Amino acid sequence: MNRINEHPILGEPEKGQLVSFYMDGKPMEGYAGEPIAVALKAAGVMTHRYTQKNHEPRGIFCAIGRCTDCVMIVDGVPNIRTCITPLVSGMQIQTQDGVTALEVSDETL
Amino acid sequence: MKRYDLIVVGAGPAGLSAAIEAARCGMKVAVFDENAKPGGQLFKQIHKFFGSKEHQAKIRGYKIGETLLAEADESGVEVFLNATVAGIYLDKEVLVQIGEAMTHFKADTIIIATGAAENMVTFDGWTLPGVIGAGAAQTMMNLYGIKPGQRVLMLGSGNVGLVVSFQLMQAGCEVVALVDAAPRIGGYGVHAAKIARSGVPFYLSHTITKADGTDCVTGVTIAEVDEAFTPIPGTEKHFDVDTICLAVGLSPMSQLLKMAGCNMVDDPRRGGQVPLVSENGQTSIPGLFAAGDVSGIEEASSAMIGGRMSGLAAAAYLGFLSEQDKDKRLADLEIALDSLHQGMFAPGSKGQAFAKTDEGIAVSQSLLKKGYLDDTDLERFFHRSDQTDKKSGIHPVIECTQNIPCNPCQDACTRGCIKIGKTITALPRIDAANSCTGCGLCIASCSGQAIFLVDEDYAPGYASITLPYEFLPLPQKGQLGTALSRSGQPLSTAEIIDVRSAKAFDHTTLVTIKVPVAQAMTARFFKPATHAAGQ
């Protein structure tokens, strides 16, 4: 419901190939080459990380790689700016909790 | 170490323009940009630009971006992407991070065109997911085809806030309100009017006091502010929204210039810390130039001219261009830049309140406070002594009441009905002696979507109004809906009697509605019976 299928000025948005990736272990779909943050937004994910001291949620803020609010753990590497990192098939994305991955219980999967 | 005649930092409108001019003079030019794609913010600008022909007016920003990229390619400019300039050293040496590697490059001249970053404001809950910059909204919807949210509140009524609000509606989002702590709308009245007539309320002298939500934004509270910008208790209003968009100004990203040792100045009118520069962008360090927003916040059209000027100046500095040729070409560009720097929104007039237009007409206070012209304004602006107006037969009604640098309507009318003259900030005048054919080119040419074709004699008791429409789904001939007033209030049932699209209109569809003749001068928008605008 977040995707724009047809735009009055830009027409149909150009999309890459539909691929699968994993968000905290849960399978999701997005278009290859689009920023990870866009694929997550389309899937309704708002929280990308929690701050280290106060455990406050953070999500997309500037969307151009400047503010670092949207950093997550991507394929095991923390602090990846998801708004400017292209989605690749099979990527493992994890919510970042401080500087490590958020612990996700199996029941939520 | 790789050597170039010129290194440009930033592949936005200013940087690319500078690189193109320099390369055309024979210089070997490298452009570094930290982003994966060149063009800066141009590819997010889907509205038609203002200005005149020489400024590429009535062309949408992303099209101008495509032209710039083609020109850079043809002129042999080397563009390095994902390349962050991390340091700038003595003798024009720069340190660039490309991927994981740090590489040194050397040039004889440098042009810094790093642009600007968005300002922020803080309020309770401002860090919640769902609070985003206006630039983020543009990036998501115009580059990546995704809605930033379903229901959005916009903070900031400058041109960015106004333009992005309209773009949000075009993307299919609902804009619930536009809020600004200032007592007046900061951007062009024509941009505000486009939003107001689709029913979005403006709250001037208001600010956000709280964003609600625990995991993400679920609502927002605004309150009126007093003269010291302090919220007044008891004036709070709440909106259910999932997104809060901040458009509260830009600051030059001038850190590299400071690092290089340029003389800097803190100039609030230019947006903050900016280098001291000559008119060609020459900083206090010979051979080091600054162009575009980094040397003072303006807009893309002036950034492109400024970029070209600094590119030519760099070429002359190294002897790739004779002083005589440089002076001649810079003089032309200065005239083009000067014409953009006129009128009520000129850089030198920032924040200034104008009581009258250049023509001596009292400005619309309603437009400044509510975003639309009220009935008393119509009398002043449409029955002016400097124009002849008509009340029968098809004729243009131009709701352009502020002195802004823009004149495509004059060029669009082949019949000479629309006159602006040489000063492009003058208000357009109607010359009713020349008869209008109803071709509609003026409507599509108006970047402010402020021109309407009205025919009071369409049918007994009915008038037709042709208006610009840039939403989906497009209305169909015979479709019924509601005619909305300038303030977005429903007036009556309206029937679509014509829908025109043409390549020359560039995605602006001309929709003609039939309304009771009494509404000929009040109905200004069409809301389909079953859909809200843009949904």
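Where a number appears in this text, it was derived from the coordinates with a stated rule and is not lab data. Just so it is clear, the structure is predicted and the values come from calculations on it, not from any experiment. Cβ placement follows ideal geometry from the backbone for every residue including glycine, while neighbour counts extend to all protein chains displayed.
See the values below:
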quantity: Ratio of the Cα radius of gyration of the protein assembly as shown to 2.2 N^0.38 Å, where N counts its residues; calculated: 0.99
quantity: Restricting segment A:1-60 to GluC sites (Glu not before Pro) in coil, as DSSP defines it, with at most 14 other Cβ within 10 Å; calculated: A:Glu6, A:Glu14
quantity: Distance in nm between pseudo-label sites at A:Thr100 and B:Arg384 (7 Å out along the Cβ direction from Cα); calculated: 6.9 nm
quantity: Kirkwood Rh in Å, taken over chain B so that all alpha-carbon pairs contribute; calculated: 24.4 Å
quantity: Shielding by partners - mean other protein chain Cβ count within 10 Å, residues of A:33-41; calculated: 3
quantity: 0 to 90° range, to nearest 10: angle between helix B:61-74 axis and chain B longest Cα axis; calculated: 30 degrees
quantity: Trypsin sites (Lys or Arg not before Pro) restricted to DSSP loop in segment B:396-455 with at most 16 other C-beta within 10 Å; calculated: B:Arg415, B:Lys422
quantity: Once the Cα gyration tensor of segment A:18-99 is diagonalised, semi-axes √(5λ) in Å; calculated: 19, 13, 11
quantity: Nearby lysines by direct alpha-carbon distance to A:Lys26 (threshold 17 angstrom, same-chain neighbours under 8 apart not counted); calculated: A:Lys41
quantity: Tilt relative to chain B, helix B:323-340 - C-alpha long axis, 0 to 90 degrees, to 10; calculated: 30 degrees
quantity: Environment charge at B:Phe43 (Cβ cut-off 14 Å; Lys +1, Arg +1, Asp -1, Glu -1); calculated: +1
quantity: Among B:Gly145, B:Gly393, B:Gly40 the positive-end extreme of the charge dipole of chain B (Cβ point charges); calculated: B:Gly393
quantity: Around A:Asp69: net Lys/Arg minus Asp/Glu count, Cβ-Cβ under 12 Å; calculated: +3
quantity: Distance violations [Cα-Cα > 18 Å] among B:Lys350/B:Lys370; B:Lys58/B:Lys350; B:Lys2/B:Lys326; A:Lys15/B:Lys503; B:Lys44/B:Lys147; B:Lys2/B:Lys106; calculated: B:Lys350/B:Lys370; B:Lys58/B:Lys350; B:Lys2/B:Lys326; A:Lys15/B:Lys503
quantity: Aspartates and glutamates whose Cα lies under 17 Å from that of B:Lys527, excluding same-chain neighbours fewer than 8 positions away; calculated: B:Glu174, B:Glu470, B:Glu495, B:Asp498
quantity: Residue order, fewest to most surrounding Cβ atoms within 10 angstrom, among B:Glu323, A:Glu34; calculated: B:Glu323, A:Glu34
quantity: Separation between Cα centres of segment A:38-70 and segment B:455-475, rounded to whole Å; calculated: 45 Å
quantity: Selection of trypsin sites (Lys or Arg not before Pro), segment B:290-398, meeting DSSP coil and at most 14 other Cβ within 10 Å; calculated: B:Lys350, B:Lys391
quantity: Formal net charge of residues neighbouring B:Lys237 (Cβ-Cβ distance under 12 Å; K, R +1; D, E -1); calculated: -2
quantity: Most positive-pole-ward Cα, B:Ala192, A:Asn54, B:Cys442, against dipole of the protein assembly as shown from beta carbon charges; calculated: B:Cys442
quantity: Paramagnetic reach from B:Asp375 (point 7 Å along Cα→Cβ, amide N under 16 Å) across segment B:448-490; calculated: B:485-490
quantity: Unit charges on C-beta of K, R, D, E only; dipole of segment A:18-99, Debye; calculated: 200 debye
